[in-house]
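A short reminder: the numbers here are calculations on the coordinates, not readings from a lab. Predicted, not measured: the structure shown is a model, and the values here were computed from it. Note that each Cβ is placed from the backbone with ideal geometry, even for glycine, and that neighbours are counted across all protein chains shown.
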Amino acid sequence: MASYLLVDGYNIINSWEELKEIQKYSLEDARDKLMELIENYRAYKGIKAILVFDAHLVKGSKEKHLTYGGLEVVYTKENQIADEYIEKFVDEYGKLYYITVATSDWLEQQVVLGRGAVRISSRELKREVYKAKKAMKERYKLSKIPKIDNLEDRIDKNILEELEKMRREP
């Protein structure tokens, strides 16, 4: 069964210290940083992910869907909070997908659990995201180590010279 991660964007931004710091200067930059982190995590885990931001206080806003790499980013419509979007998604797709909802909103956690999704707190998500980031760095470092593909690359040069002499002798 395919997996989905639904992330309550502003809940996470307001829970992670480094994102709160960025938000002090630019909410857009904090959203962008969260998008980057979740997209990298999504790609590493091989799952589908939706990052949901409230736009319920924006007059006349319509629901907007964007993509960031393979990450779907949703801005809710006027008078709709992220929780409502997430609950509706869980109701519609909960039987088709394994869904995890990332939020530290206790009430929202209880609602999505009751509807068949799994919950993960913002602290748990942060730990998972940074663990994946560390694993990606390690994998990258290992990919930079030259690989030995030929037998002659593995043999000591002196021995290789002796073998070559033997091969050329009649």
_If neighbour count is taken as other Cβ atoms inside 10 Å, put 112, 7, 129 in order from fewest to most._
129, 112, 7
*Express in nm, to one decimal, how much length is gained between residue 20 and residue 140 on full extension, taking 0.36 nm for each residue of separation and deducting their alpha carbon distance.*
40.3 nm
*asked:* About the Cα centre, and with charges only on the beta carbon of Lys, Arg (+1) and Asp, Glu (-1), how big is the dipole of the range 44-142? Nearest 20 debye, please.
replied: 760
*Could you state the number of Å between the C-alpha centres of the range 121-140 and the range 1-72?*
16
*Distance (nanometres) between label positions extended 7 Å along Cα→Cβ at residue 106 and residue 156*: 6.9
*Quick one: compute the contact order of the chain, relative version, from alpha carbon pairs under 8 angstrom and 6+ residues apart, as a percent.*
22
*Can you give the FRET efficiency for residue 95 and residue 59, using 1/(1 + (r/R0)^6), R0 = 35 Å, r = Cβ-Cβ distance, to the nearest 0.05?*
0.45
*Could you list log10 I(q)/I(0) for the chain at q = 0.12, 0.16, 0.19 Å⁻¹, which the Debye formula gives when each Cα is one point scatterer?*
-0.59, -0.95, -1.26
*Which of the residue pairs 48/133; 45/134; 64/95; 24/126 have a Cα-Cα distance greater than 22 Å in the structure shown?*
64/95
*Whether the range 32-100 is rounded, prolate or oblate, judged on the alpha carbon gyration tensor where a/c under 1.5 counts as rounded*: oblate
